Amino acid sequence: MDETHAFAADIFAAQPFTQLIGAELVAAGKGRAEIAVEMRDALRQQHGFAHGGLISYLADNAITFAGGLGLGTDALTSEFKINYVRPARGTRLIARATARGVGRRQAVCSCEIFSIDDRGERLCALAQGTVVAVAG
């Protein structure tokens, strides 16, 4: 594990909500992050799809990690927008975020969220957000 991934893993491990839902930091690097969660009944809504709040969490957290790693510091989301493309079915969800524009104090990031099943990956949401460096 490189230094950037180790930095991200420490922050990830310190997030109680992340631990509650069982999310996993799959990959992290300069300006990018991937976060996944295994689906279980407690994370579904009444129609059996992944709950929109879960998809939103994945987008928000992946965007914040990608932006913070792009900025080289701890960060917070200042805003984000999400578009749900289709209901998320499957056994696993994964969010892949990339910092698209990094300044001194903020980064603009995009994220794709996929549901995964035995047929492969299907895009279920797209998100974009702005991340700001935490003043230290």
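The values are calculated or read from the model by the stated rules, or taken from the named source; none is laboratory data. What you see is a predicted model, and the numbers here were worked out from it, not measured in a lab. Don't worry about glycine lacking a Cβ; one is built from the backbone with ideal geometry, like all the others, and counts go over all protein chains shown. These accessible areas exclude ligands, DNA and RNA; they are computed on the full protein's heavy atoms, side chains included. Shrake-Rupley method; radii C 1.70, N 1.55, O 1.52, S 1.80 Å.
When restricted to residues that are within 17 Å of Leu20 (Cβ to Cβ) and surrounded by fewer than 14 Cβ atoms within 10 Å (Cβ to Cβ), segment 42-61 contains 2. Checked against (1) touching a Ser or Thr at 6+ places or on another chain (Cβ under 7 Å); (2) acidic (Asp, Glu); (3) within 21 Å of Ala9 (Cα to Cα), Glu79 meets all criteria but (3).
Residue by residue, here is whether (1) at pLDDT below 95; (2) closer than 17 Å to Phe114 by Cβ holds:
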position: Arg32; (1), (2): no, yes
position: Gly48; (1), (2): yes, no
position: Ala59; (1), (2): no, yes
position: Ala62; (1), (2): no, yes
position: Leu71; (1), (2): no, no
position: Asp74; (1), (2): yes, no
position: Lys81; (1), (2): no, no
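With respect to (1) touching a Lys or Arg at 6+ places or on another chain (Cβ under 9 Å); (2) buried (at least 22 other Cβ atoms within 10 Å of the Cβ), the lone exception for Val131 is condition (1). Just to be sure I understand, how many residues within segment 111-128 are part of a strand (DSSP E or B) and surrounded by fewer than 18 Cβ atoms within 10 Å (Cβ to Cβ)? Number satisfying all stated conditions: 7.
Say whether the condition of being touching a helix residue (DSSP H, G or I) at 6+ places or on another chain (Cβ under 9 Å), open to solvent by 30 Å² or more (accessible area, probe 1.4 Å), over 17 Å from Val26 (Cβ atoms) and touching a residue at least 24 places away in the same chain (Cβ under 8 Å) is met by at least one residue in segment 90-97.
Checked segment 90-97: no residue is touching a helix residue (DSSP H, G or I) at 6+ places or on another chain (Cβ under 9 Å), open to solvent by 30 Å² or more (accessible area, probe 1.4 Å), over 17 Å from Val26 (Cβ atoms) and touching a residue at least 24 places away in the same chain (Cβ under 8 Å).
Scan segment 62-89 for residues that are open to solvent by less than 20 Å² (accessible area, probe 1.4 Å) and either out of contact with any helix residue (DSSP H, G or I) (no Cβ under 7 Å at 6 or more places or on another chain) or at positive phi (or both) and the total you get is 6.
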